1. I need a count of the residues in the stretch A:111-135 that are within 13 Å of A:ASP81 (Cα to Cα) and hydroxyl-bearing (Ser, Thr, Tyr).
2. Quickly run through the stretch A:129-171 and pick out the residues that are facing chain B (nearest Cβ under 8 Å) and among the acidic types (Asp, Glu).
3. B:GLY76 is checked against (1) crowded, with 18+ Cβ neighbours inside 10 Å; (2) of a type outside the set (Val, Ile, Thr); (3) away from chain A (no Cβ under 14 Å); (4) more than 16 Å from B:ALA17 (Cβ to Cβ) and fails just one. What number does that condition carry?
4. Taking the conditions exactly as written (among the basic types (Lys, Arg) and in contact with a His (Cβ under 7 Å, 6 or more places away or on another chain)), does A:ARG45 satisfy them or not?
5. Could you tell me whether any residue of the stretch A:82-101 is aromatic (Phe, Trp, Tyr), at pLDDT 95 or above and outside any helix (DSSP H, G or I)?
6. Out of the residues in the stretch A:172-183 that are free of Cβ contacts under 8 Å to residues at least 24 places away in the same chain and either in contact with a Phe, Trp or Tyr (Cβ under 6 Å, 6 or more places away or on another chain) or assigned to a loop (DSSP other than H, G, I, E, B) (or both), state the one that is nearest to the other protein chains (Cβ to nearest Cβ).
7. Can you run down the residue pairs with Cβ atoms below 6 Å, 6 or more apart or on separate chains, where the first is in the stretch A:150-171 and in the same structural domain as A:SER88 (by TED's automatic domain parsing) and modelled with pLDDT of 95 or more and the partner is part of a helix (DSSP H, G or I) and of a type in the set (Phe, Trp, Tyr)?
8. Being outside any helix (DSSP H, G or I) and on the phi < 0 side of the Ramachandran plot is the requirement here; does B:MET69 meet it?
Protein chains: 2
Amino acid sequence: MAEPNDPRVVRTRTDVAKAALDILLSEGWTGLTHGRVAKHSGYSRATIYTHWPTQMDLARDAFAAYEEMPHFLPTGDLRADLTGEVQSFVDAMVNYHLDRGLSMLAEKAQTSAEVSEIRDRFVAAGEGPMRQTLDAVEKPEFREAATLMLCGMVTHSVLMHGRAPDSSVLSSAVDLVISGAKLES
Amino acid sequence: MAEPNDPRVVRTRTDVAKAALDILLSEGWTGLTHGRVAKHSGYSRATIYTHWPTQMDLARDAFAAYEEMPHFLPTGDLRADLTGEVQSFVDAMVNYHLDRGLSMLAEKAQTSAEVSEIRDRFVAAGEGPMRQTLDAVEKPEFREAATLMLCGMVTHSVLMHGRAPDSSVLSSAVDLVISGAKLES
């Protein structure tokens, strides 16, 4: 392929990343082969092998494509923004099979340093907006605790209980953090 | 085998469950075969097949054995008990490979109803002491939020960041919950 910003190159990358993600989420790691991605994306195996030599190259771009999931658009109101961001995390579990994606990353990262890197990057991108909103919390250890607790409530519920928390539990969690961190005047 | 409470029967169950757990944690689901468990536990394949006909029977007893992990011994002081219980959850991640166990359950429960049941039972047992300590929180939705946030902080950190939270973050989380739920006089 020519220049990396050539629209055809961008298009190919997007198509292949999306195909790789679909396959990963529906079939798991073992389904993610060059042959399956070629078939699903409509490109030749030669193209796939040339630009994504290993399975990890495919997985890396699959999860990078995944980062495009919508986040909540901040309003400036702390309670609304925390609730919105937690809710959008829950929505992504339901609408974008994020439960599948996260559990696959968590499991495989236990034994693969490459997957561990993909996971770290993906999680950092996912937590970004929550961390920005929690900039209002002054002490760094409280900010970290609040971030981990709010994201963790969703991760733990979905991966360990198999269901998202009720909206009354979500808003109680936001209340606990806001009141505990004394973020209200 | 004779009576279920016959000491030899109890001994066999314990040995086999422990062997199955060791294999699961070191080799994953594909390693958990009757042959491997027989070899590792020192019992015959016939014994294993007779009393644990399927891989799921082995997995169920492996995770039941896992529930014997130590919890924090409550003191009656809310802050000490919450901190102790969160810390013992972190310790289990490190000392009992609970990160491996939980990520395997989370991943496999996505596609297996039987594993989903094993996970639910295991998680309920693990959360028990935390829920008891949080009985002090009056409103049920706040109690649920506090439980999910404190357990979730550990699950999320270990599975999504690949490391346990610092002890300063752990105690900040407990402070946020205690102060947010107005549990101090």
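The values are calculated or read from the model by the stated rules, or taken from the named source; none is laboratory data. These numbers come from a predicted model, not from an experiment. Virtual Cβ from ideal backbone geometry, glycine too; neighbours counted across all protein chains shown.
1. 1
2. Correct list: A:GLU141, A:GLU144, A:ASP166.
3. It is condition (1) that B:GLY76 fails.
4. yes
5. There is no residue in the stretch A:82-101 that is aromatic (Phe, Trp, Tyr), at pLDDT 95 or above and outside any helix (DSSP H, G or I).
6. Result: A:SER172.
7. That search, which allows pairs on different chains as well, returns A:VAL154/A:PHE89.
8. Yes.
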